[in-house]
C-alpha cells in the first residue's frame, strides 16, 4: 500500500519535495499553503490531478485526511508548531532545515515523536550527495587515521531582492541569519564528519552589508571537538556578485579531502596513505552537477524515510541530528554575542535571544 503524503508549504523549495515524493511513489494526497497560487503553480508544474486536495489551513487538513507522511517546508519559525501538530495527528515527518529555531522546540519534537511512535527526518539532503557518501565511508572505515581539523566554507550571495520576496527572511523570529539558513547544511556536515561531540565554540558574527534585515550576513567560528580535532566555519551571503562556492575540507593523519561545487557535490581533492583508489577516477565518478544549490539529495532522503517507516527504524538524518545542527549555530550566536567561549552541550537557546543585536 502506498503511503499517503502531504506537503505543507509550496514555496521556493517545494518542487524538490514534490519531485521526490513522485519519484518514490508516494500517494500525494494534499497540498497546503496559505497562498492558493503557490499550490496551483505546483499542480500545473507537476501535472498533478485537478482534483488534488488543497488546504490553506494545515490543521483542517490534519483533521480531515489520514496521512502517513507530511513534509514541512514553510518559513523556519513555523516548523516546530506545525511539526508538533502533525506528530499529535500520528504523521511521520520530513522537516526542512532547520527543524526549529530553539532547542526547547527541537527537544519537544524529539520527545513527542518518541511517545507517539512516529519517525522524524531533518531535511539535510546534502548528506545523500554521492561525494558526501564516499567521504563518510572513508570516515567510518578510519582511512583518515586521527582527525586533525575540518573546515566548512559557504561563500554565497543573497541580495535585497531575495529578502523582499518574503517578509520573514532575515528575521530572528522566522528565519535566523546566514548561518542558520544558508550555511546550516555544511555546518551539519562538518559536525557529522568530525565526530559530532563538541567541547568549545568561539565565534564572531556581523551584519556587514544587509542593513534591511535583522540578522547576521557573516559569521566565523572555531570549534574544538571532543576527539581533539578542530573545526573552522566561515559563512557569508556577501560575496560579489553571485554565489562563489561551498566547500568542505577534512584533514587527518593519513588522508585529506576537499568537497566543493554548488552544494558540496564534487570531490576536488582525494588523498590517502593507503592509495587504494585512483584519485582522478574518484573525482570523476563521485560528482554531480545540479541546477541549483539544493542538489539531488531529496530523492534519496525520501527513499530513506520510507524505508525507515516500513522497517521501524530511525531515518539516517533523524530529529536528533537536526537538533545538533541547530545547537551548533546557536552556540556560535551565543559566543559572538557574549565575546566568550561557549561550552557544549547547550541546554537552551533560541534565535529570539538575539533580537535587536544588529540594529543600526
Tilt of helix 298-311 relative to the longest C-alpha principal axis of the chain, in degrees (0 to 90, nearest 10)? 70
Under a Gaussian network model of the chain whose springs join Cα atoms within less than 10 Å, the largest fluctuation of 71, 226, 122 belongs to 226
Extension length gain for residue 64 and residue 343 (0.36 nm per residue less Cα distance), in nm, is 95.9 nm
Cα gyration tensor shape for the range 1-100, rounded if a/c is under 1.5, else prolate or oblate: rounded
Using the Cα gyration tensor of the range 230-360, the equivalent ellipsoid's semi-axes, largest first and to the nearest Å, work out to 31, 23, 18
When the distances between all Cα atoms of the chain are binned every 10 Å from zero, what whole-number percent does each bin get? 5, 25, 33, 26, 10, 1
Of the range 287-309, those with amide N under 15 Å from the point 7 Å along the Cα→Cβ vector of residue 137 are 287-288
Based on the Cβ-Cβ distance of residue 234 and residue 2, what FRET efficiency does E = 1/(1 + (r/R0)^6) give at R0 = 56 Å, to the nearest 0.05? 0.80
At R0 = 56 Å the Cβ-Cβ FRET efficiency linking residue 173 and residue 281, nearest 0.05, sits at 0.70
Highest-MSF residue in the chain out of 59, 97, 347 [GNM, Cα springs under 10 Å]: 347
Give the angle, between 0 and 90 degrees and rounded to the nearest 10, that separates the Cα long axis of helix 130-140 from the longest principal axis of the Cα atoms of the chain. 60
Sorted largest first, the C-alpha extents of the range 77-161 along its principal axes in whole angstrom are 44, 41, 23
Nearest 500 deg cm²/dmol is fine: what mean residue ellipticity at 222 nm does the chain get from its DSSP H runs of n ≥ 4 alone, each adding -39,500 (n - 2.57), divided by its residue count? -10000 deg cm²/dmol
With a 10 Å radius around each residue's Cβ, average the other Cβ atoms per peptide and rank 200-210, 181-191, highest first. 181-191, 200-210
On each of the three principal axes the extent of the alpha-carbon atoms of the range 168-313, given in whole Å and largest first, is 51, 39, 36
Run the simple label-point estimate for residue 88 and residue 25 please: 7 Å along Cα→C-beta, distance reported in nm. 3.5
Extension gain from residue 46 to residue 146, taking 0.36 nm per residue of separation minus the Cα-Cα distance: 31.2 nm
How far is it, in nm, from the label point at residue 107 to the one at residue 353 when both lie 7 Å from their Cα along the line to the Cβ? 1.2
Restricting to the chain, compute how many DSSP beta bridges are antiparallel as a %, nearest 5. 60
Can you grab the distance from the C-alpha centre of the range 77-146 to the C-alpha centre of the range 186-218, Å, no decimals? 19
Say we join alpha carbon atoms closer than 10 Å with springs in a Gaussian network model of the chain; which of 177, 297, 339 then has the biggest fluctuation? 339
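Only the coordinates and a few stated rules stand behind these numbers; no lab work does. Bear in mind that the values here come from a model prediction, so they are computed numbers and not experimental data. A quick note on method: Cβ atoms are made from the backbone with ideal geometry, for glycine too, and the neighbour counts reach across all protein chains shown.
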